[in-house]
1. Report the gain in length on full extension from Leu250 to Ala188: 0.36 nm times residue separation, minus Cα-Cα distance, nm rounded to one decimal.
2. Among the GluC sites (Glu not before Pro) within region 121-208, which fall in a DSSP loop and have no more than 15 other Cβ atoms within 10 Å of their own Cβ?
3. Which one of Thr31, Met53, Thr43 is farthest out on the positive end of the charge dipole of region 10-54, using unit charges on Cβ (Lys, Arg +1; Asp, Glu -1) and the Cα centre as origin?
4. Quick one: compute the contact order of the chain, relative version, from alpha carbon pairs under 8 angstrom and 6+ residues apart, as a percent.
5. If you take the beta carbon distance between His273 and Leu204 as r and set R0 to 45 Å, what does 1/(1 + (r/R0)^6) give as a FRET efficiency, to the nearest 0.05?
6. For every helix of n ≥ 4 consecutive DSSP H residues, a contribution of -39,500 (n - 2.57) applies; sum these over the chain, divide by its total residues, and give [θ] at 222 nm rounded to the nearest 500 deg cm²/dmol.
7. Return the long-range amide H neighbours of Ile178 (sequence gap of 5 or more, or a different chain), with a cut-off of under 5 Å between placed amide H atoms.
8. Simple spin-label model, 7 Å along Cα-to-Cβ: Val259 to Ala46 in nm?
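FYI, it's all coordinate maths here, none of it is from the lab. Bear in mind that the values here come from a model prediction, so they are computed numbers and not experimental data. Here the Cβ positions follow ideal geometry from the backbone for every residue, glycine too, while neighbour counts run over all protein chains shown.
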Amino acid sequence: MLGRLGFESAALDAKLLTGHALGLGALELATRENELVDSEAATRVAGLLQRRMTGESVARIIGEREFYGLAFTLNAATLEPRPETELLVDLALGALPAGGQMLDLGTGTGCIPIAVLANQPDAHAVAVDLSALALEAARKNADRHGLSGRIAFLQGSWFGPLFTSPEGRGEEGRFDLIVSNPPYITTAVVETLAPEVKDFDPRLALDGGPDGLAPYRVIAAESANWLKPGGWVLVEIGHDQGAAVSALFLEAGFEDVAVHRDLNGLDRVVGAHHI
Ligand SMILES: C[S@@+](CC[C@H](N)C(=O)[O-])C[C@H]1O[C@@H](n2cnc3c(N)ncnc32)[C@H](O)[C@@H]1O
């Protein structure tokens, strides 16, 4: 069925969803494939396959996605962490000094600071998102990976909650690194995306305003206030935004502004140095 609808990974999708509905891993599924299932279980499997046929991704149906070798719980307000974003984590690990403090703006599942802190034992993070529901998933994920003690989660818009919540401490100039994978798709293009993205990914996580640059304007304008001298900003970008986002950081007085490419050779991250 899924194959006829044109899902390239139909056989794998069906196996993963069947295993999930029956509570069986890949090995058990393979070794018990001749066993009969009762009608209740068959209905559960059919229900999940039906959801996949409407375009919902396997990760969303299962409620979990792997990123940087770690499992992340998803919910309706979170974007699925994407493999391209692993480049941002690699660069962040290079930019954050031992015992450093990082800020993640638009944290979603918390995948970026969680992946960084899991690999940098003395570092701490503050993670902000406008969505309270996304922060629920992020807190769960931090807990799941034993990092709750090293990440503070704040609700609000970009730098706003740093001033107003007690954990924000309002103390400017204290981060070694600011990272963000903000919404960067133009409002007009969001409408044209594949159903798997447009109908299931939260709009708040995708829509970067009329020219897709609205969040970068805020981040470029305000980051210097929150960084220590010598600190870095690293932002994920759309493949055609390298020049425009670099220009915003240069205008804001940053140095060593550079565009980094992902494994597909596409512009993916802009880095900027606060001297
Ligand atoms: C592209 S998603 C990235 C999520 C996650 N960091 C990742 O890489 O998978 C952007 C995130 O920014 C959040 N967001 C959107 N507008 C925001 C705002 N004004 N202030 C803070 N977060 C915002 C969304 O809720 C969403 O979680």
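1. Length gained, Leu250 through Ala188: 19.6 nm.
2. Sites meeting the loop and neighbour criteria: Glu171, Glu172, Glu191.
3. Met53
4. Normalised by residue count, the contact order of the chain is 14 percent.
5. Once the sixth-power term is evaluated, E becomes 0.90.
6. Value at 222 nm, helices only, nearest 500: -11000 deg cm²/dmol.
7. Answer set, sorted by chain and number: Leu103, Trp232, Val233, Leu234.
8. The answer from the label model is 5.2 nm.
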